[in-house]
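Here is the structure we will look at, set down as structure tokens.
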Amino acid sequence: MKNAIDLARSIRSIPDFPKPGILFRDITTLLKNQKAFTRAVDLIAGKFSKSKIDYVVGVEARGFIFGGALAQKLHLGFIPVRKKGKLPGRTKGISYNLEYGTDSLEIHEDALKPKDKVLIIDDLLATGGTVKAVADLLEAQGAKIIGIAFVIELVDLKGREKLKKYPIVSLVKFEGE
């Protein structure tokens, strides 16, 4: 695999999942391909290797997969952001709107100190609502977001607009489908 365009070939497209009219981008095929998975992590790490970052923050659940690998590659700690009720101990949370309702995310209240510099990672940028909520949660704790990275971006859903104040890296962009 020489570049991000090659990564697109390792992502399976499943029509009508989870409901009719949706073309689901399945990263499990990328994950099982050692070269593709390594390439994705290396490409993102390369974009942020010169940045001063304290932690990689991964968004449940697929962001954990890339986040853990990226944190190791960059020699950083990893911090999970999880759905409400999944973290032990004291947490800080945020609720946010989805197309079909609301959801909540939490982080351990002692996970970050003010002025910690973080890189947020998730597998997919669609409408941007989930990662915007994560960014708001981290900033409420005083963290500075150095960047946000995604393996896949669904361009037509315009999620980047909700995140325009942050540097964004997406490796594979799908549009017009």
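Where a number appears in this text, it was derived from the coordinates with a stated rule and is not lab data. Since the structure is predicted, the reported quantities are computational estimates derived from the model, not experimental observations. Heads up, the Cβs are rebuilt from the backbone with ideal geometry, glycines too, and the neighbour counts pull from every protein chain shown.
Out of 16, 54, which single residue is among the acidic types (Asp, Glu) and surrounded by 15 or more Cβ atoms within 10 Å (Cβ to Cβ)? Walk me through how you get there before you give the answer.
Values: 16 fails: surrounded by 15 or more Cβ atoms within 10 Å (Cβ to Cβ).
That would be 54, the only listed residue that is among the acidic types (Asp, Glu) and surrounded by 15 or more Cβ atoms within 10 Å (Cβ to Cβ).
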*Just checking, which of 65, 27, 44 is closer than 21 Å to residue 112 by Cβ, surrounded by 17 or more Cβ atoms within 10 Å (Cβ to Cβ) and either among the aliphatic types (A, V, I, L, M) or without any contact (Cβ under 8 Å) to a residue 12 or more places away in the chain (or both)?*
44
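If you check 176, 142, which single one turns out to be among the small types (Gly, Ala, Ser), surrounded by fewer than 16 Cβ atoms within 10 Å (Cβ to Cβ) and either without any contact (Cβ under 8 Å) to a residue 24 or more places away in the chain or in contact with a Cys (Cβ under 8 Å, 6 or more places away or on another chain) (or both)? Let's see the steps before the verdict.
On the way: 142 fails: either without any contact (Cβ under 8 Å) to a residue 24 or more places away in the chain or in contact with a Cys (Cβ under 8 Å, 6 or more places away or on another chain) (or both).
Only one candidate qualifies: 176.
If I ask for residues that are of a type in the set (A, V, I, L, M, F, W, C) and loosely packed, with under 13 Cβ neighbours inside 10 Å, which ones from region 2-13 would you list? Full working, then the answer.
From region 2-13, those of a type in the set (A, V, I, L, M, F, W, C) are 4-5, 7-8, 11; that's our starting set.
Of everything in region 2-13, just one residue is of a type in the set (A, V, I, L, M, F, W, C) and loosely packed, with under 13 Cβ neighbours inside 10 Å, namely 5.
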*When you go through 119, 137, 105 one by one, which is the residue that is within 24 Å of residue 69 (Cα to Cα), touching a Gly at 6+ places or on another chain (Cβ under 8 Å), among the hydrophobic types (A, V, I, L, M, F, W, C) and in a helix (DSSP H, G or I)?*
137
*asked:* If I ask for residues that are within 20 Å of residue 61 (Cβ to Cβ) and over 20 Å from the mean Cα position of the chain (by Cα), which ones from region 6-17 would you list?
replied: 14, 17
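Could we say that residue 81 is crowded, with 17+ Cβ neighbours inside 10 Å, in a helix (DSSP H, G or I) and of a type in the set (Val, Ile, Thr) here?
Details: crowded, with 17+ Cβ neighbours inside 10 Å: yes; in a helix (DSSP H, G or I): no; of a type in the set (Val, Ile, Thr): yes.
Here the answer is no, as residue 81 does not meet what is asked.
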*Looking at region 30-41, which of the residues that are surrounded by 13 or more Cβ atoms within 10 Å (Cβ to Cβ) and without any contact (Cβ under 8 Å) to a residue 40 or more places away in the chain is nearest to residue 167 (Cα to Cα)?*
41
*Any idea how many residues of region 94-139 are more than 16 Å from residue 78 (Cα to Cα) and either in contact with a Pro (Cβ under 9 Å, 6 or more places away or on another chain) or aromatic (Phe, Trp, Tyr) (or both)?*
2
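Somewhere in region 153-162, is a residue within 21 Å of residue 54 (Cβ to Cβ) and not hydroxyl-bearing (Ser, Thr, Tyr)? Before you say what the answer is, go through the steps one by one.
Going through region 153-162, the residues within 21 Å of residue 54 (Cβ to Cβ) turn out to be none.
No: zero hits.
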